[in-house]
Amino acid sequence: SRSTQKLTQNLGSVLTRKKLDEEALQELEDALVAADFGTEVAARVIANFRRSRFGREVTDEEVRTALAEEIAEILRPVAQPFEPDPKLKPHVVLVVGVNGTGKTTTIGKLAQSYAEQGKRAILVAGDTFRAAAVEQLQVWGERTGAPVIKGPPNADAAGLAFDALTRARTEGADVLLVDTAGRLHNKSALMEELRKIIRVMRKQDEAVPHSVLLVLDATTGQNALQQVNVFKEMVDVTGLIVTKLDGSARGGIVVALAQEFGLPVHAVGVGEKATDLRPFDPMDYARGLVGIA
Amino acid sequence: VFENLSGKLSGVFDGLRARGALNEADVTDALREVRLALLDADVALPVVKDFITKVRERAVGQEVLDSVSPGQQVVKIVNDVLVEQLGGAGAVPLNLNATAPIPILMVGLQGSGKTTTAGKIALRLASRLRKKVLLASLDTYRPAAQLQLQQLAERAGVPSLPIIAGQTPLQIAQRAMETARREVYDVVILDTAGRLSIDQEMMEEVKAIRAASSPAETLLVVDAMTGQDAVNTARAFNEAVGVTGIVMTRMDGDARGGAALSMRAITGAPIKLVGTGEKIEGLEDFHPERVAGRILGLGDVVGLVEKA
Ligand SMILES: Nc1nc2c(ncn2[C@@H]2O[C@H](COP(=O)(O)OP(=O)(O)OP(=O)(O)O)[C@@H](O)[C@H]2O)c(=O)[nH]1
Ligand SMILES: Nc1nc2c(ncn2[C@@H]2O[C@H](COP(=O)(O)OP(=O)(O)OP(=O)(O)O)[C@@H](O)[C@H]2O)c(=O)[nH]1
Ligand SMILES: [Mg+2]
Ligand SMILES: [Mg+2]
């Protein structure tokens, strides 16, 4: 894919060499760093790789395939599709993340896939702060045929979520997708508001939200580790969705996240349209990272 | 996870306590740590390599002052070079040296903060410089994008171009400029849709918008949390539209913000402003020395001094 062009070029120079020597390994490690693996994880991956391959005569193809396999091995345990539980009416999903990562769009995409499966989804416009956030979600509701529950501007998101839950239960909806305002993990007051949404919904049902999805932008560098760490701590994130993988960012941070937290990666966003959500495929992802199209 | 660079560097030189000039070997050891620190702060790899070369040239052979350790001396050199590379001391203001109505074009990846920043700049120009500012959204793609800018304009107390459904971004740009000329505005801020640097069609579109509006400023809006991809984004947007200034958003987060150095190095354009919050008031001048301290993990010494 286009997004791997740069890395392919990086690897290109080492791949013509016959022997996998120190210098070649260093260049491979650099290529991983340049894909946002982070210095520690890149070093670790290459250390494992060198143990098994060092000094061997290898072709380009073999190096790439073996490195992709090494990376896929790390990603496999976290590749878990997201399936709402059909016994729950509704399965309550809270969508969280820092500003602008693609939360609202991802909700639109999820609503689209449920519509295609004949499931009834209800959307909750829980971002009552950002300009036109409600209207943005309403457009997604119209596109996917999902009803959107909204309150007045600057309404209390927790109260809105509570009312939406009541309605979704009454109507026997399959999925309740709760959008939230983007917030930086280091702002404790905003993180506390997120906890309040959960607390208030639990007055109605102890078990909700059944899923808390953290939406991450693939363009993000090492700060993603901090984001996941804090959101997980504060709101018990159950899984990740990585967006904007159609861009030039390679999203190597996901490898670091898999090693550090082991949270499921449910899906990846590859565009701005309703149908641009894909399952997370570890081998595909790994092959993309090392430049095998 | 991240150990303070100055601590690490002192470690490298522990027991060494060398006096006299910094030699090649000392500097090489120290620069290994600097390299890691910069990469962990999300400075892009090719930019780190150039940076290290510059520091090495500056450091080797330099006398170590009696009052500091060799490690501290290297930290000082690293910090100096970093501040320089980020644009030297002081902030570069928006360029308003053009005949009114002065167009300002906002470009960048999806979700980087363009629309919010457009509103913030409008508020700043209107309230601080008493400029008559028109906000115009050219985003016909993202759901409710034009409405978002309209609502931000209301919050900023600044007019926005009336929304006409069905117009193309280029047509809106032309209408914005005509309106601004007719109604005698000082500044027109043109907010564009987010686009990927590898999306050729969308990049062509923004080129056409630029050609039609001849902006005095083309501001690339970048998320401070951006990783290694900063170089690709910077290069592609600069080649397509000639970036004249950079805005780093979400500096209110805890990312080290190494993308600032990458962006500046690739485009050569000054970082002019930083976003420090979701609210319309959350916009500040860029201070290279503060961001240098942040990237290196040395703390915002200058900021603390100024606030005291
Ligand atoms: N190219 C691309 N763009 C995406 C993807 N997902 C979302 N976007 C775009 O990213 C921008 C931000 O998306 P939103 O869904 O508004 O993000 P958000 O997290 O809800 O933002 P806030 O509510 O403001 O925090 C929009 O322009 C989306 O079209 C993706 O997978 N690929
Ligand atoms: N914390 C914080 N949030 C910001 C800042 N700047 C923008 N945001 C938020 O980031 C999100 C995205 O901002 P937008 O202005 O919609 O971004 P955009 O670049 O116009 O997005 P598209 O038009 O979809 O490409 C919103 O939730 C904003 O409130 C900032 O400096 N700090
Ligand atoms: Mg949103
Ligand atoms: Mg916008």
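Here are the numbers for the structure shown:
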read-out	value
Which of B:Thr276, A:Thr170 is most accessible, then next, and so on - probe 1.4 Å	A:Thr170, B:Thr276
Members of B:Lys131/B:Lys279; A:Lys244/B:Lys114; B:Lys132/B:Lys272; B:Lys76/B:Lys120; A:Lys109/A:Lys150; A:Lys187/A:Lys232 lying beyond 24 Å, as alpha-carbon distances in this model show	B:Lys76/B:Lys120
Amide H partners (placed H, <5 Å) of A:Asn99, local residues excluded	A:Arg183, A:Leu184
A:Thr243 long-range amide H proximity, modeled H, under 5 Å	A:Leu216, A:Asp217, A:Ala218, A:Gly269
Accessible-area value, A:Arg169, 1.4 Å probe, nucleic acids and ligands omitted, Å²	100 Å²
0 to 90° range, to nearest 10: angle between helix B:169-182 axis and chain B longest Cα axis	80 degrees
Å² of accessible area per residue within the stretch A:20-172, as computed with a 1.4 Å probe and no ligands counted	41 Å²
Rel. contact order, % - alpha carbon contacts under 8 angstrom, at least six apart, chain A	28 percent
For the stretch A:201-260 versus the stretch B:140-154, the gap between their alpha-carbon centres in whole angstrom	27 Å
Cα-based helix-to-principal-axis angle, B:24-40 vs chain B, degrees rounded to 10	30 degrees
In Hz, Karplus ³J(HN,Hα) per residue of the stretch A:202-208 (6.51, -1.76, 1.60; θ = phi - 60°; x = Gly, Pro)	6, 5, 8, 8, 3, 7, 8
Within 10 Å of each Cβ in A:166-175, the average number of Cβ atoms from other chains	0
Residues losing 50 Å² or more accessible surface upon assembly, the stretch A:224-262, compared with the chain by itself, 1.4 Å	A:Ser248
Apportionment of accessible area to carbon and sulfur, the stretch B:153-308, percent (1.4 Å)	51 percent
Surrounding net charge for A:Thr243, when Lys and Arg each add one and Asp and Glu each subtract one, Cβ distance under 12 Å	0
Sparsely packed trypsin sites (Lys or Arg not before Pro) within the stretch A:18-55, loop by DSSP, other Cβ within 10 Å at most 13	A:Lys18
Charge context of B:Asp254, other residues only, Cβ under 11 angstrom, K/R +1, D/E -1	+3
Under the Karplus curve 6.51 cos²θ - 1.76 cosθ + 1.60, θ = phi - 60°, whole-Hz ³J(HN,Hα) for the stretch A:117-132, x wherever Gly or Pro sits	8, x, 8, 9, 10, 10, 9, 10, 7, x, 8, 9, 9, 5, 4, 6
Estimated buried accessible area (total), pair B and A, 1.4 Å, Å² to nearest 100	3400 Å²
Per-residue mean of C-beta atoms belonging to partner chains within 10 Å, peptide B:218-228	6
For the stretch B:288-297, Karplus couplings with θ = phi - 60° (6.51, -1.76, 1.60), whole Hz, Gly/Pro x	x, 5, 5, 5, 4, x, 5, 5, 7, x
Heavy-atom accessible area, 1.4 Å probe, ligands and nucleic acids excluded: residues of the stretch B:131-149 down by at least 50 Å² from chain alone	B:Arg142, B:Pro143
Sequence-distant residues sharing a close amide H with B:Glu217 (under 5 Å, placed H)	B:Leu105
Residue-count net charge about B:Gly282 - beta-carbon cut-off 9 Å; Lys, Arg +1, Asp, Glu -1	-2
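The values are calculated or read from the model by the stated rules, or taken from the named source; none is laboratory data. Bear in mind that the values here come from a model prediction, so they are computed numbers and not experimental data. Please note: Cβ atoms are built from the backbone with ideal geometry, for glycine as well, and neighbour counts cover all protein chains shown. Remember, those area values only see protein heavy atoms, side chains included, never the ligands or the DNA or RNA. Shrake-Rupley method; radii C 1.70, N 1.55, O 1.52, S 1.80 Å.
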